[in-house]
Amino acid sequence: MRAIKWGLLLGLSGLAACAPVVSDDGTGRSGGQVASDERADDSAALSAAQKRFPTWFANVEPFRVIGSEGQGIYYVGTKGLGMYFIPTEDGHIVIDGGMPGQGAYVAEAIKKLGYDPADVKILLNSHAHLDHSGGLAELKQLTGAKFIASEGDRSALEGGFYLGSEDEASMNAPPVRVDQIISDGETVTLGDVTLTAHITPGHSRGCTSWTTDIMQGGKRYETLFFCSATVAANRLVGPPQYEGIVEDYRKTFAMTKDWKPDVFLSNHPEFFGMAAKQERLAAGDPLAFVDDSGFPVLIGKLEQAFEAALEKQTLKYNAIMSE
């Protein structure tokens, strides 16, 4: 028996964290007392997390980002965490699960859109960090969907840890079993929707971006769900978060330098300016999220930030080693 105890971790984009706590702690307390204490700890820590990262827990009414009724891309996340729902005639797809405990939030958002969560057949993940994978186990249990993820992130997803920081309990997430491995360039098809996996490593070892085409007004728009390329809590040197992380970041920057998706989405809405686009959508612009300049601008800034972080970490590491 165990409960989720929440903690906090600051990185470039920010990470909240949770850690499993073994209830049989040898204190001599009864099982009922342990459970009661754990619930109290969970409640207090959750309250602290909500105060530190309020947008991650702020409700957003689900809405259609682009596409025709019943065949579009829908936002089912919070104000600060992007989760996406793609319905098809043969069942539905969900990308990312948010924080631990937010699986039910996503399921409720799907209901608000008029769909049954039990019809979700496929769960996808951008990467194995708890603010995006934390709700997947709950969501999988609620829907019975098959979970598809990359080999690079499999150990972290199934082990419930942050790769390279396995001893940092505050960065743990509820473990979730991967049912199928996806490789770079492979596709996932359900009904009339096909998503292509692009392994864009660095932020995590198996960081996976997804692309698909969506129809709007008789025109096809290439849509990107970008994983991430921030440094966040990652160590780039001494020792690195995982072997080859620097080379992986640079591989991703080289791979994405010419990408110009018509619609750019991500797991943190601020990356693609969701608030302003949502306002234009509400005002009657059905193409509010079409912007092929958004991703090139972001990826350029992320590459500069990565090189600056690498230089800073290298200088610090060298200074420590020379002492």
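Numbers at a glance
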item: Residue satisfying all of: in the stretch 182-192; surrounded by fewer than 22 Cβ atoms within 10 Å (Cβ to Cβ) and not acidic (Asp, Glu); farthest from the chain's Cα centre (by Cα) among these; result: GLY191
item: Pair list, Cβ < 8 Å and 6+ apart or interchain, from the stretch 188-207 residues that are modelled with pLDDT of 95 or more and charged (D, E, K, R) to residues that are assigned to a loop (DSSP other than H, G, I, E, B) and crowded, with 19+ Cβ neighbours inside 10 Å; result: ARG205/LEU163
item: Residues within the stretch 160-192 that are out of contact with any helix residue (DSSP H, G or I) (no Cβ under 8 Å at 6 or more places or on another chain) and either farther than 17 Å from TYR242 by Cβ or in a strand (DSSP E or B) (or both), tallied; result: 14
item: Check on ALA35, assigned to a strand (DSSP E or B), open to solvent by less than 20 Å² (accessible area, probe 1.4 Å), small (Gly, Ala, Ser) and at pLDDT below 85; result: no
item: Failed item, numbered, when GLU279 is tested on (1) open to solvent by 20 Å² or more (accessible area, probe 1.4 Å); (2) in a loop (DSSP other than H, G, I, E, B); (3) within 24 Å of GLU61 (Cα to Cα); result: (2)
item: The stretch 128-149: number of residues that are in a helix (DSSP H, G or I) and under 14 Å from the mean Cα position of the chain (by Cα); result: 7
item: Neighbours by Cβ (under 8 Å, 6+ apart or cross-chain): first from the stretch 148-177, closer than 18 Å to ARG235 by Cβ; second open to solvent by 40 Å² or more (accessible area, probe 1.4 Å) and aliphatic (A, V, I, L, M); result: GLU168/LEU9; SER170/LEU8; SER170/LEU9; MET171/LEU9
item: Residues of the stretch 237-276 classified as open to solvent by less than 60 Å² (accessible area, probe 1.4 Å) and not in a helix (DSSP H, G or I), total; result: 16
item: Qualifying residue in the stretch 110-123 (condition: modelled with pLDDT under 95 and either out of contact with any Pro (no Cβ under 9 Å at 6 or more places or on another chain) or within 29 Å of TYR221 (Cα to Cα) (or both)); result: no
item: Subset tally (residues that are under 19 Å from MET171 (Cβ atoms) and in contact with a Phe, Trp or Tyr (Cβ under 7 Å, 6 or more places away or on another chain)) for the stretch 202-228; result: 2
item: Filtered residues of the stretch 126-181 (kept if touching a Leu at 6+ places or on another chain (Cβ under 7 Å), crowded, with 20+ Cβ neighbours inside 10 Å and of a type in the set (Ser, Thr, Tyr)); result: SER133
item: First in the stretch 304-321 and under 20 Å from ASP248 (Cα atoms), second anywhere and open to solvent by 50 Å² or more (accessible area, probe 1.4 Å) and at pLDDT below 95, Cβ under 9 Å, 6 or more apart; result: ALA305/LEU12; ALA309/LEU12
item: Residue, least open to solvent (accessible area, probe 1.4 Å), within the stretch 61-116, restricted to residues that are in a loop (DSSP other than H, G, I, E, B) and of a type in the set (Asp, Glu); result: ASP96
item: Some residue of the stretch 287-304 being at positive phi and outside any helix (DSSP H, G or I); result: no
item: Residue match in the stretch 46-53 (condition: polar (S, T, N, Q) and modelled with pLDDT under 95); result: yes
item: Which listed residue is closer than 17 Å to ILE95 by Cα and part of a helix (DSSP H, G or I), from LEU157, LEU195, LEU224; result: LEU157
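The values are calculated or read from the model by the stated rules, or taken from the named source; none is laboratory data. Since the model is a prediction, treat every value here as computed from it, not as a measurement. Backbone-built Cβ (ideal geometry, glycine too); neighbour counts: all protein chains shown. Areas reflect the complete protein model, heavy atoms only, side chains present, ligands, DNA and RNA absent. Shrake-Rupley method; radii C 1.70, N 1.55, O 1.52, S 1.80 Å.
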